[in-house]
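Following: one structure in structure tokens, then a few remarks.
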Amino acid sequence: MPPGMCRELSLTARDLVRRIASDAGQSYSEIARRVNQDMAKGKNLLSAVHEIARENGLDPGRYTLDPEKIAEEIRTILRKDYAQTLMISAVLAQMVESRGRDSLSPPAFFTFMEFLADATAAPKRREKRIGNVEEATTKIIELTTTLVSVICDWSRTGIVGVAESCPEPLRGLARVILRKTRLYQAGMWTCISCGKIVSIRETRALLCKECDARLPGPTTLKRTPPKRERHRTGYGRTVPGDTID
């Protein structure tokens, strides 16, 4: 890139890793594997990326993420189309309950739920035509996993605190994610309807037994997770065919 030219700001970990892989002349899967290994040791996302940049003679300052811009992008997607947002919610709820390859990490789901609460309080626009739900769902997954990776501090056991670099407007969100993640690790769950804290074993489709009993019909979510980008990584997903093992 010619000096003085600005590259569009990355909003997801995937885009950031692709950029540094391209600039370093390495494969995406190779850089992604290295980032995942470093994060598994307790290093945060940006620290892992910056170390790779320095090792390859690149300026670490060119590879960064703006948490507040990521948060705004999440809000934009969720408020764009109310019907689409409901469908995204159904897919992510199914994914967080899954124990297979398409599972969604609880911290990312907790992040999504906090933004969803704000989105549903906003005016409910109803578009005549629902957009690409699969594409929007994948984008939300990448944005939430990236956001929680940069606003929280991590260790080998998971989230351990609020990152020092977390912007003040997002510190409340980071604290909520930390609290709910600790509850989850202790076998507890916060009902997505009433907010009551119960044992995970007592939940039904992410609801406490009382809220589940008040529903008029079956709570089974029949939508399948997005087929695009199936393989999990520590911070998000890789595209089909990428190997990180």
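Would a scan of segment 40-58 turn up a residue that is surrounded by fewer than 14 Cβ atoms within 10 Å (Cβ to Cβ), touching a Lys or Arg at 6+ places or on another chain (Cβ under 9 Å), over 21 Å from ILE70 (Cβ atoms) and not aromatic (Phe, Trp, Tyr)? So far as segment 40-58 goes, yes, one or more of its residues are surrounded by fewer than 14 Cβ atoms within 10 Å (Cβ to Cβ), touching a Lys or Arg at 6+ places or on another chain (Cβ under 9 Å), over 21 Å from ILE70 (Cβ atoms) and not aromatic (Phe, Trp, Tyr). One residue alone among THR145, THR181, THR203, THR120 is among the hydroxyl-bearing types (Ser, Thr, Tyr), at pLDDT below 90, within 29 Å of ASP15 (Cα to Cα) and surrounded by 12 or more Cβ atoms within 10 Å (Cβ to Cβ), and that residue is THR120.
Scan segment 5-26 for residues that are of a type in the set (D, E, K, R) and assigned to a loop (DSSP other than H, G, I, E, B) and the total you get is 2. Of note, GLU142 satisfies the criterion of being charged (D, E, K, R), within 16 Å of VAL96 (Cβ to Cβ) and out of contact with any Phe, Trp or Tyr (no Cβ under 8 Å at 6 or more places or on another chain).
Please work out if ALA53 is over 18 Å from LEU206 (Cβ atoms) and at pLDDT 95 or above. Yes, satisfied.
Could you go through segment 219-240 and let me know if any residue there is modelled with pLDDT of 80 or more, in contact with an Asp or Glu (Cβ under 7 Å, 6 or more places away or on another chain) and surrounded by fewer than 14 Cβ atoms within 10 Å (Cβ to Cβ). No, there is no match, as no residue in segment 219-240 is modelled with pLDDT of 80 or more, in contact with an Asp or Glu (Cβ under 7 Å, 6 or more places away or on another chain) and surrounded by fewer than 14 Cβ atoms within 10 Å (Cβ to Cβ).
For segment 48-62, enumerate the residues that are over 19 Å from the mean Cα position of the chain (by Cα) and touching a residue at least 12 places away in the same chain (Cβ under 8 Å).
Result: HIS50, GLU51, ILE52, ALA53, ASN56, LEU58, ARG62.
Report whether or not ILE77 is closer than 20 Å to SER149 by Cα, of a type in the set (Val, Ile, Thr) and crowded, with 17+ Cβ neighbours inside 10 Å. When the stated conditions are applied, ILE77 passes them.
So which residues in segment 56-102 are within 30 Å of ARG204 (Cβ to Cβ) and among the basic types (Lys, Arg), if there are any at all? Within segment 56-102, ARG75, ARG79, ARG99, ARG101 meet the criteria. Residues in segment 124-136 include at least one that is buried (at least 21 other Cβ atoms within 10 Å of the Cβ) and at pLDDT 90 or above.
Within segment 12-26, being of a type in the set (Lys, Arg) and within 19 Å of the chain's Cα centre (by Cα) holds for ARG14, ARG18.
Residues of segment 48-65 being assigned to a helix (DSSP H, G or I) and not charged (D, E, K, R), which ones?
ALA48, VAL49, HIS50, ILE52, ALA53, PRO60, GLY61
Criterion first (touching a residue at least 24 places away in the same chain (Cβ under 8 Å), closer than 21 Å to LEU104 by Cβ and in a loop (DSSP other than H, G, I, E, B)) does ILE192 satisfy it? So ILE192 passes the test.
Taking segment 99-112 as the range and being modelled with pLDDT of 85 or more and surrounded by fewer than 20 Cβ atoms within 10 Å (Cβ to Cβ) as the test, the residues that pass are SER103, PRO106. Out of all the residues in segment 27-47, which are touching a residue at least 12 places away in the same chain (Cβ under 8 Å) and either under 17 Å from the mean Cα position of the chain (by Cα) or not in a helix (DSSP H, G or I) (or both)? ALA32, VAL35, ASN36, MET39, ALA40, LYS41, GLY42, LYS43, ASN44, LEU45, LEU46 - these are the residues of segment 27-47 that are touching a residue at least 12 places away in the same chain (Cβ under 8 Å) and either under 17 Å from the mean Cα position of the chain (by Cα) or not in a helix (DSSP H, G or I) (or both).
The values are calculated or read from the model by the stated rules, or taken from the named source; none is laboratory data. Bear in mind the structure is a predicted one, so any value in this text is a computation, not a measurement. Please note: Cβ atoms are built from the backbone with ideal geometry, for glycine as well, and neighbour counts cover all protein chains shown.
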